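K.L.:
Can you read through this structure? Questions will come right after.
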């Protein structure tokens, strides 16, 4: 999600207090740095593990690898925002402002679309009992390519509207949409609402539908292997909701206020500005969470990581046997289960 609405505090025309400026920016920057480091390490490991699975990758594994790539690219934008947050100044120029904002927006769309694809994939595999995509692997690649293409196209409005300019109030360069309350016309407001709808609430509805039927199917089934196979995926979706839902709701309220659909008072503005900082920090942590879930919940992921390290000569046979849990190769009933589950 792009860094936008928090910065509007400097362009407010009403003489509201600037409480949000006195928040602990050091803590915020530290969060960005920690998330960046964890995401860089964790998602690189996920990509490494899935990449070296060779012919044993399932459709879900392919989606999860693309999800890790999107999270990794998303995290690469955090150092730039950390500098911006710490200094209240954008020193990287107009081109980088547009590119970094567009990259963050595109990777956000990629993440939510891929999570929706995974939910549909699990629905087809468990509820409909079909492994069509696993049998037609080229279709998974096409789906992922379409996801990236749609994400890039949807990020274009952000790249077009985003600008680096000197604020009249603080005389420092800022990076966000160069618009005021008066220019928040119906078209722009519709575009913002479309962003929240298409970029979060609609994919979330798809996930709820697919996983709702999937859980019903699993509850009526005695196949414990299938039930275990859903744990990580459900945790991934729950993590996405917990991290991004508060930010989307807060930004939607903020956009409605700036579009003068909701009454904008100083008290409400102060609460919203503080909430934007907090929920944005929560949202940014999401790019580092998925690999942690795989490592702590997914036994097959840990086994595959050990196997990959062993094949590369980075791990001895004794260490692999010591830390290995069960077998990464299970029976035929689990051959279509994702390695991260």
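Just so it is clear, none of the values below were taken in a lab; they were calculated from the coordinates. From a predicted model like this one, the values you see are computed outputs, not experimental measurements. Note that we place each Cβ from the backbone using ideal geometry, even for glycine, and neighbour counts take in every protein chain shown.
K.L.:
By counting other Cβ atoms within 10 Å of each Cβ, how are 69, 33, 152 ranked from fewest to most?
P.N.:
Fewest-to-most Cβ neighbours within 10 Å comes out as 33, 152, 69.
K.L.:
Could I ask something else about it? Taking neighbour counts of Cβ atoms within 10 Å as a proxy for exposure, in what order, fewest first, do 238, 103 appear?
P.N.:
238, 103
K.L.:
Let's test the formula: R0 of 35 Å, r as the Cβ-Cβ distance of residue 202 and residue 265. What FRET efficiency results, to the nearest 0.05?
P.N.:
Working: r = 31 Å, r/R0 = 0.89.
The value I calculate is 0.65.
K.L.:
Answer rounded, prolate or oblate for segment 28-115, using the Cα gyration tensor with square roots of eigenvalues a ≥ b ≥ c: rounded when a/c is under 1.5, else prolate when a/b is larger than b/c, else oblate.
P.N.:
prolate
K.L.:
Would you mind ranking 174, 96, 53 by Cβ crowding within 10 Å, fewest neighbours first?
P.N.:
96, 53, 174
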